[in-house]
Amino acid sequence: MLPLPDHCTLCPRTCGADRAAGKRGVCGAADQLLVARAALHHWEEPCLSGDPNATTGSGTVFFTGCALGCCYCQNYAISQQGLGKAIDENRLAEIFLELQEKGAQNINLVTATQWLPWVTAALDEARRRGLRLPVIYNTGGYETLETVEALKSYVDIWLTDYKYASPALAQELSRARDYPAVADAALCRMLRQTGAPVFGDDGYLRRGVIVRHLALPGHVNDSLAVLRRLAQIRKETGIPFLTSLMSQFTPFYHAEEHGLGRRITTYEYRKVVEEAIALGLTEGYMQEKSSAREEYTPPFDLEGV
Ligand code: SF4
């Protein structure tokens, strides 16, 4: 395994925590890998998890902690309250192989950056032992270029958010005024790394980038600005990607205190969808408005860890 950082700069917080000495960073991570769940997940985009009623799915591993810490996080129990089980990189490699054995179509690493040294070591080990599935890096989009680069030979599919266009909104909801600039640069690097989407004969995505945007109630104008920026990135890079528009926002955790105490209305979401269509961002997925359901949040009961 890579040495643990004594001045951690793995994410854009660059908080400098001495992880090697067991100090905890802003993301909540210290010197012991924590994982909250590893199971087949059926509710990702269809090209990642297939038919929700099928026995297969995306081999999803939820990591504890998060550098971003959004006030409305649906996974707050693991991202911000520390739920997870301590394991080492050998066990993580076994988990990847167990998911493959269970019929997973891919390995889907959810919010893994704070554990990068363990993740790359485990992927190396699992590949030595027969892991052959594509690897998805499922991220809030708040990544340094160095981390994106470090994952070059490990990641096949970037499943990344583009949450906000407004620095002020990013500060209010995720305490990250630099989010738009950081996510923008990271997305361009991800696109250059994977190139255009490549699908297998079975319809599953094998390589490429999916950009998710969760439309937030009361912030349609910011969603429209995000979409305009995505269209511009598509033009500037010349590299296609899939767009995934999400309407599932549910007021979890501290959402209400930040003015997000309701779900998005049909009118608001329609405006977002219409702008995406007008901008030509039609390759990808648009959730039905009825998708605002709590079952998108899996039970965090340490299954599979
Ligand atoms: S990954 Fe965690 S410890 Fe490292 S810089 Fe980011 S917040 Fe700090």
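Of all the residues in the range 148-164, those that are over 13 Å from the mean Cα position of the chain (by Cα), within 22 Å of Ala225 (Cα to Cα) and without any contact (Cβ under 8 Å) to a residue 60 or more places away in the chain number 0. Against the list (1) of a type in the set (Gly, Ala, Ser); (2) within 23 Å of Thr147 (Cα to Cα); (3) more than 7 Å from the ligand (Cβ to nearest atom), the condition Ala29 fails is (3).
Of the residues that sit in the range 7-54 and are outside any loop (DSSP other than H, G, I, E, B) and farther than 29 Å from Leu205 by Cβ, which one is nearest to the chain's Cα centre (by Cα)? Reasoning before the result, please.
Kept after step one, since they are outside any loop (DSSP other than H, G, I, E, B), are these residues of the range 7-54: 19-21, 34-41, 46-49.
Filter once more, keeping what is farther than 29 Å from Leu205 by Cβ: 19-21.
Values: Arg19: 23, Ala20: 26, Ala21: 28 Å.
My answer is Arg19.
Could you go through the range 236-252 and let me know if any residue there is part of a helix (DSSP H, G or I), open to solvent by 60 Å² or more (accessible area, probe 1.4 Å) and modelled with pLDDT of 95 or more. Checking the range 236-252: at least one residue is part of a helix (DSSP H, G or I), open to solvent by 60 Å² or more (accessible area, probe 1.4 Å) and modelled with pLDDT of 95 or more. With the condition kept exactly as written, say whether any residue in the range 78-86 is among the aliphatic types (A, V, I, L, M), free of Cβ contacts under 8 Å to residues at least 60 places away in the same chain, within 12 Å of the ligand (Cβ to nearest atom) and not in a loop (DSSP other than H, G, I, E, B). Checked against the condition, which is being among the aliphatic types (A, V, I, L, M), free of Cβ contacts under 8 Å to residues at least 60 places away in the same chain, within 12 Å of the ligand (Cβ to nearest atom) and not in a loop (DSSP other than H, G, I, E, B), the range 78-86 yields no hits at all. Whenever a residue of the range 43-66 is under 22 Å from Ala93 (Cα atoms) and more than 16 Å from the ligand (Cβ to nearest atom), its partners that are in a loop (DSSP other than H, G, I, E, B) and of a type outside the set (Ser, Thr, Tyr), lying with C-beta atoms within less than 6 angstrom and at least six residues away or across chains, give the pairs Ser49/His42; Thr56/Gly50; Thr56/Gly103; Gly57/His42; Ser58/Glu44. Is it the case, given these coordinates, that Tyr285 is without any contact (Cβ under 8 Å) to a residue 12 or more places away in the chain and either open to solvent by 20 Å² or more (accessible area, probe 1.4 Å) or within 27 Å of Pro134 (Cβ to Cβ) (or both)? The answer is no for Tyr285.
In the set (1) on the phi > 0 side of the Ramachandran plot; (2) in contact (Cβ under 8 Å) with a residue 60 or more places away in the chain, the condition left unmet by Ile210 is number (1). Figure legend. Inter-residue proximity from the range 133-147: first residues crowded, with 24+ Cβ neighbours inside 10 Å, second residues among the charged types (D, E, K, R), beta-carbon distance below 6 Å, spacing 6+ or different chains. Indicated pairs: Gly140/Asp161. Consider the range 153-188 and keep the residues that are surrounded by fewer than 17 Cβ atoms within 10 Å (Cβ to Cβ) and among the basic types (Lys, Arg). The one that is farthest from Gln232 (Cα to Cα) is Arg175.
For Tyr72, the criteria (1) within 12 Å of the ligand (Cβ to nearest atom); (2) touching a His at 6+ places or on another chain (Cβ under 9 Å) hold in every case but one, which is (1).
The values are calculated or read from the model by the stated rules, or taken from the named source; none is laboratory data. Predicted model, so just to flag it, every value in this text is computed and none were measured. Note that each Cβ is placed from the backbone with ideal geometry, even for glycine, and that neighbours are counted across all protein chains shown. All accessible areas refer to the heavy atoms of the entire protein, side chains included, with ligands and DNA or RNA removed. Shrake-Rupley method; radii C 1.70, N 1.55, O 1.52, S 1.80 Å.
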